[in-house]
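The values are calculated or read from the model by the stated rules, or taken from the named source; none is laboratory data. Remember, it's a predicted structure, so these values are computed and weren't measured experimentally. FYI the Cβ positions are ideal-geometry reconstructions off the backbone, even for glycines, and counts take in every protein chain you see. Side chains included, ligands, DNA and RNA excluded: accessible areas come from the protein's heavy atoms. Shrake-Rupley method; radii C 1.70, N 1.55, O 1.52, S 1.80 Å.
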Amino acid sequence: MTTTKKSVLTAVFIALCVVLPMAFHSIQNAGSIFLPMHIPVLLCGLICGWQYGFITGIVGPVLSSLFTGMPPMAYLPSMIVELSVYGLVTGLMMKFVHTKNLYADLYISLISALITGRIVAGIARALIFARGSYSMAAWATSYFVTGLPGIIIQLAIIPTLIFAIQKARLIPARYTK
Amino acid sequence: MNRMPLGMYMPFESVIHSIDARVKLVCFLALIVSVIITDTLVGYIVILSTAFVFIVLSRIPFKIALSCLYRLRFFLIIIFVMNALFFTSENILVSWWIFNISKEGILQGVHVVLRVVLVMLFSTCLTATTSPVELTKALESLFRPLRYVKIPVGQICMIISIAIQFIPVISQEALLIKQAQTARGARFESRRLIEKAKESLALVIPIFLSAIRRADELALAMEARGYRSANTPEKRSLKLSLREYAGFVVSAAVCALQIMI
């Protein structure tokens, strides 16, 4: 994929970081259940690479906060940390993991990113953003219990989306038969 | 109510439109900082008055400026109610089951809602008075020093600029897709999680495919016209006129006032 295409795709994923949560917020509780802003960031890392995923993870929530007021400014720093790690790790894992099976690569990259992002965001909250008022229980509840349906749905939606995008020949195939 | 797509530029002739985009960006950041640090009634009145003056000076019709807030009405109501009902406080006014209404909770709800409203008003004012091209050039110019640490400022600004231009387009398309899927029988309001997930899939996949198809077409058009990513942002000299100075002074004064109150 050319640099220009990667840049334009990254721009579209950033725009989706603003639009998708808006589309979901009109559906009751969908924002907290589906974590819609995570999907474009993870996809960007998987399709365009770690640099682009990292940029989407930083710029996406900032633009969304400026344009729509969501996420609120108080949650923005920890969300930037979480999403940028998602974009970075998915991109790096896709670069280094080659099992010759697209779905295996995708799941390995996604699961590593979802775990690393939550750990790094938890550490950032405990040490910087909510110093002294953050516990292990609060971290586990906010990142794994509340967001569990979101995690399951992301693991189901993202490989399907990548497959659909590849089938539509909008991105080059990772493995040719 | 009149609906303006998010982030849409409105090409009027006004004092705010004519101010240099770099100055507008710096002033915008100062005003956002003011919104974050304020927590007094006087502070909110000062910032709301500033937003009102900026909207009048930029000649954006109030109906259009407020349409962005109207779109968020349910979100604003929900965050107010959540704060009012679940805020832990010693001075509880009414208590029932898990809900506790307290004066502090209501105040907290008002604070959060006001902050979101003010940020929205200022960002509408910035994006409606500054074209995406000007905004990108301003970002490039402000981030210029980052090129010394090998950060591709030009490319990042180009990405941000395209993203800002894509927001209204994709937003309209998402709305159309949602209406089309509802017409085909999708039930987004279902209470069952599995049903809700299935229906959301019908919303997410077409939105992504259509957005990526647009990106593909744009990239192809750019490459066909010989576009190469520019990593070195151009150097632009900044000549400050009375308008720019006035903008700086007002934003700095509002920010300083919030720190002092």
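Just a few scattered comments:
- Kyte-Doolittle mean at least 0.5 and Cα axial length at least 30 Å: DSSP H helices in chain B: B:103-129, B:153-183, B:193-224
- Compared with the dominant principal axis of the Cα atoms in chain A, helix A:50-68 is inclined by about 50°.
- Atom-type composition of the exposed protein surface of segment A:3-167 places 71 percent of the accessible area on carbon and sulfur (1.4 angstrom probe).
- Along chain B, the exposed loop sites are GluC sites (Glu not before Pro) outside DSSP states H, G, I, E and B with at most 15 other Cβ atoms within 10 Å, and the longest stretch free of them is B:91-188.
- Charge dipole (Cα centre; +1 on Lys/Arg Cβ, -1 on Asp/Glu Cβ; no other charges) of chain A amounts to roughly 480 debye.
- Per DSSP, loop trypsin sites (Lys or Arg not before Pro) in segment B:69-159 with at most 10 further Cβ within 10 Å: B:150
- Extension gain from residue B:33 to residue B:111, taking 0.36 nm per residue of separation minus the Cα-Cα distance: 26.6 nm
- The C-alpha atoms of chain A define a longest principal axis, and helix A:148-167 lies at about 20 degrees to it.
- Look at the alpha carbon pairs under 8 Å that are at least 6 residues apart: their mean separation over the length of chain B gives a relative contact order of 30 percent.
- Partners for residue B:239 among lysines (Cα-Cα distance below 25 Å; same-chain residues under 8 apart left out): B:24, B:137
- Rounded, prolate or oblate (a/c below 1.5 giving rounded, otherwise prolate when a/b exceeds b/c) for the protein assembly as shown by Cα gyration tensor: oblate
- The mean count of C-beta atoms from other chains within 10 Å of the C-beta of residues in B:115-123, rounded to a whole number, is 3.
- Segment A:3-167 - percent relative contact order, Cα under 8 Å, separation 6 or more: 23
- Computed magnitude of the charge dipole of the protein assembly as shown (debye, nearest 20; Cβ of K, R +1, Cβ of D, E -1): 980
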